[in-house]
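Visitor: This is the structure I have questions about; it appears just below.
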Amino acid sequence: MASHTYSKEAHSRAVVKFVKNKLDRIEMRCTKESGLKAQIVEHTKATGESVNAFMLRAVKETMVRDKEKA
């Protein structure tokens, strides 16, 4: 039976490859003065949701509402 050892470098390469090939990125910017980032982080901590999951849900829900209005 072959013994497999964990390689931190191999894992990092695999993660980078996955992100590059399987995920799209969208950057959202807001001014520091608005405090929006802190509000989002606070909200997601209170709900136990990740920031990414919250943003995806918010966008999807808004797109459905906008479609219903049209």
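Visitor: Specify the residue with the greatest mean-square fluctuation among Lys32, Lys20, Lys45, computed from a Gaussian network of the chain linking alpha-carbon atoms under 10 Å apart.
Guide: Lys20
Visitor: Read phi for every residue in the range 40-45 and hand back ³J(HN,Hα) as whole Hz from Karplus 6.51 cos²θ - 1.76 cosθ + 1.60, θ = phi - 60°, with x for Gly and Pro.
Guide: Residue by residue, the range 40-45 yields 5, 4, 4, 4, 5, 5 Hz.
Visitor: For the chain, what is the accessible area per residue in Å², given a 1.4 Å probe and the full set of protein chains?
Guide: In whole numbers, the chain has 102 Å² accessible per residue.
Visitor: Among (1) 1.17; (2) 0.97; (3) 1.10, which one is Rg/Rh (Cα atoms, Kirkwood Rh) computed from these coordinates?
Guide: Only one option fits the structure, namely (1).
Visitor: Find, among the GluC sites (Glu not before Pro) in the range 26-60, those assigned to loop by DSSP (not H, G, I, E, B) with at most 10 other beta-carbon atoms within 10 angstrom.
Guide: Loop-located and lightly packed - Glu27.
Visitor: In a GNM of the chain with a 10 Å cut-off on Cα contacts, which of Arg29, Arg57, Arg13 has the highest mean-square fluctuation?
Guide: Among Arg29, Arg57, Arg13, the largest mean-square fluctuation in the Gaussian network model of the chain belongs to Arg13.
Visitor: So how strong a dipole does the chain carry about its Cα centre when Lys and Arg Cβ are +1 and Asp and Glu Cβ are -1, to the nearest 20 debye?
Guide: Values: 15 positive and 9 negative charges, 48 e Å.
Its charge dipole is roughly 220 debye.
Visitor: Pairs on different chains or at least eight residues apart, Cα atoms closer than 23 Å: how many lysine pairs in the chain fit?
Guide: For the chain, the number of qualifying lysine pairs is 9.
Visitor: Okay, moving on. Once neighbouring chains are kept in place and the probe is 1.4 Å, which whole percent of the accessible area of the range 24-64 is contributed by carbon and sulfur? Walk me through the numbers before you get to the answer.
Guide: Values: 2190 of 3810 Å².
The value for the range 24-64 is 58 percent carbon and sulfur by accessible area.
Visitor: Please list, ordered by chain and number, the residues whose modelled amide H lies under 5 Å from the amide H of Glu49; skip anything fewer than 5 residues away on the same chain.
Guide: Result for Glu49 returns nothing.
Visitor: How far is helix 8-22 tilted off the main Cα axis of the chain, in degrees rounded to 10, range 0 to 90?
Guide: Relative to the chain, helix 8-22 is tipped by roughly 40 degrees.
The values are calculated or read from the model by the stated rules, or taken from the named source; none is laboratory data. From a predicted model like this one, the values you see are computed outputs, not experimental measurements. Reconstructed Cβ throughout: ideal geometry from the backbone, glycine too, with neighbour counts over all protein chains shown. Protein only, heavy atoms only, side chains kept; ligands, DNA and RNA dropped before computing areas. Shrake-Rupley method; radii C 1.70, N 1.55, O 1.52, S 1.80 Å.
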